[in-house]
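The values are calculated or read from the model by the stated rules, or taken from the named source; none is laboratory data. Remember, it's a predicted structure, so these values are computed and weren't measured experimentally. Cβ: placed from backbone, ideal geometry, glycine included. Neighbour counts: every protein chain shown. Areas reflect the complete protein model, heavy atoms only, side chains present, ligands, DNA and RNA absent. Shrake-Rupley method; radii C 1.70, N 1.55, O 1.52, S 1.80 Å.
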Amino acid sequence: MKRILVILLYVCSVNTVQAFDLSMESYDKQQLQTVGAVKNSTDPAVLYAAANVLWYDSDFQENVEQGTLYMEQAADAGFLQAIEAMGDFYYEDSLIDADNKKSIHWFEKSAAKSSAYGYYSLATIYYEGGAGVDADYKKAFDNFLKSAELGNDSAMYDLAFQYMLGEGVKKDNKKALYWFEKSAELGDVRSTYQVGYAHQFGNGVEQDCAKAIAIYQKTFDEDEYIRSAVALADIYYDNRVQCAEKRSDYKKSFSFYKFAAYNGNTYSKYQLGYAYRNGHGVYSDVVQSLAWYSLADEDGYDGAADAIREVKTNMRSEQIAKADKLKIELEEEVY
């Protein structure tokens, strides 16, 4: 039988004494010890550990709020993890309304300690804007660059996109590719895909179709990366696509579209509908076609509504009913 411990802790904060009660919480022994350790310590690491228990394992708001006091005390003492936790708290915490000005205050302190995460978080806030802060692509670029130079692969990826799109910096596909490659070296599959895309379309590098296809295949085989599956599907399906074979391979394209569609890719849902409608890589099946077109339409895919009307003109009412039933079944399987 779990032992119920009643602990009443008193904490001095901003010249007030606040009491909070853990008696109704379902903490285990270790969690109670972690929170109780604050009683005899001012170590910011101890405050940080207690704050995390109170934040993430409490059922009662007064204890969550006490966690915030502990976290802020640890942050004020210069404890980096607590500083960044406070930045995250004001950026996106569900317990409060976001306040990006306060978030910036904490992430600037984090960046001052040469934290790649601090710079990255500042960049994200300035890139997105909102919650009291205007979007500023130049500030975003500057902070993504500092974070990237400190080794943050996500910052490298976002920095590359700013170079590719010319946001906050002059457009430069070669520099974009450089940062995509640096990020890919650190294992970021999104960046690896972008390196393949650059070679497919000759963005910042001479077009190399064999390399592009090899990269797409590698990221699909190793990571089941959906965008790589879609890229390969398009290459095998449409001989007008860059790097496509002279003759389409509908069976290969169908398998890639199917994988992507079952993993939630809206475009691939539409393409499956088209493949079933026209017998591309699979036997023609208007019931399957209508079901997949309908799923794409639910996702808001442009053109799906017209495709639905067209395929229905060649269907009997019982076939339409089967398609409606199939759509419901597919909704249980498709992410």
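Given the Cα-Cα distance of Y335 and Q61 and 0.36 nm per residue of separation, how much length would full extension add, in nm?
95.2 nm
Do the alpha carbons of any pairs in K174/K246; K102/K139; K101/K175 sit beyond 25 Å of each other, and which pairs?
K174/K246; K101/K175
Out of the trypsin sites (Lys or Arg not before Pro) in segment 156-192, which ones are loop residues according to DSSP with at most 16 other C-beta atoms within 10 Å?
The qualifying sites are K170, K171.
Could you give the dipole magnitude of the chain about its Cα centre, charging the beta-carbon of Lys and Arg +1 and that of Asp and Glu -1, in debye to the nearest 20?
About 1000 debye.
So how much slack lies between S23 and D306, counting 0.36 nm per residue of separation and subtracting their Cα-Cα distance, in nm?
95.8 nm
Under the classification rounded if a/c is under 1.5, otherwise prolate if a/b is larger than b/c and oblate if not, where does segment 187-282 fall, given a ≥ b ≥ c as square roots of the Cα gyration tensor eigenvalues?
It comes out oblate by the Cα gyration axes.
For segment 257-335, just say rounded, prolate or oblate: build the C-alpha gyration tensor, square-root its eigenvalues into a ≥ b ≥ c, call rounded for a/c under 1.5, and beyond that prolate if a/b exceeds b/c, oblate if not.
rounded
Looking at the P(r) of the chain, how many percent of alpha-carbon pairs lie beyond 28 Å?
61
Taking R0 as 45 Å, what FRET efficiency do you get between S41 and A214 from their Cβ-Cβ distance, rounded to the nearest 0.05?
0.20
What accessible area per residue comes out for the chain, rounded to a whole number of Å², with a 1.4 Å probe?
I get 53 Å² per residue for the chain.
Quick one: pull the percentage of alpha-carbon pairs in segment 75-124 with a separation above 16 Å.
In whole percent, the share of Cα-Cα pairs in segment 75-124 beyond 16 Å is 27.
Between V205 and N278, what FRET efficiency comes out of the Förster formula 1/(1 + (r/R0)^6) with R0 = 51 Å and r the beta carbon distance, rounded to 0.05?
0.90
Classify segment 105-173 as rounded, prolate or oblate, taking a ≥ b ≥ c as the square roots of the eigenvalues of its Cα gyration tensor: rounded when a/c is under 1.5, otherwise prolate if a/b is larger than b/c and oblate if not.
It comes out oblate by the Cα gyration axes.
Ignoring ligands, DNA and RNA, what percent of the 1.4 Å accessible area of segment 95-194 is carbon and sulfur?
Carbon and sulfur together cover 48 percent of it.
Explain nothing, just the number: relative contact order of the chain, from Cα pairs under 8 Å at least 6 residues apart, as a whole percent.
Relative contact order comes out at 6 percent.
In terms of Cα to Cα distance under 19 Å, which lysines are near enough to K312, apart from those fewer than 8 places away along the same chain?
K269, K322, K325, K327
Distance from the Cα centre of segment 189-251 to that of segment 31-66, in angstrom?
50
Please report the spacing between the Cα centers of segment 288-324 and segment 79-148 in Å, no decimals.
Centre-to-centre (Cα) distance: 45 Å.
Tell me, what ³J(HN,Hα) does each residue in segment 106-121 have, in order and in whole Hz, if you take phi through Karplus 6.51 cos²θ - 1.76 cosθ + 1.60 with θ = phi - 60° and put x for Gly and Pro?
Residue by residue, segment 106-121 yields 6, 6, 5, 5, 5, 4, 4, 9, 6, 8, 4, 5, x, 4, 5, 5 Hz.
What is the sum of charges, Lys and Arg at +1 and Asp and Glu at -1, for the other residues whose Cβ falls under 14 Å from the Cβ of V287?
Around V287, the charge tally is +2.
GNM, the chain, Cα, under 10 Å: largest mean-square fluctuation among Y283, Y157, Y236?
Its mean-square fluctuation being the largest, the pick is Y283.
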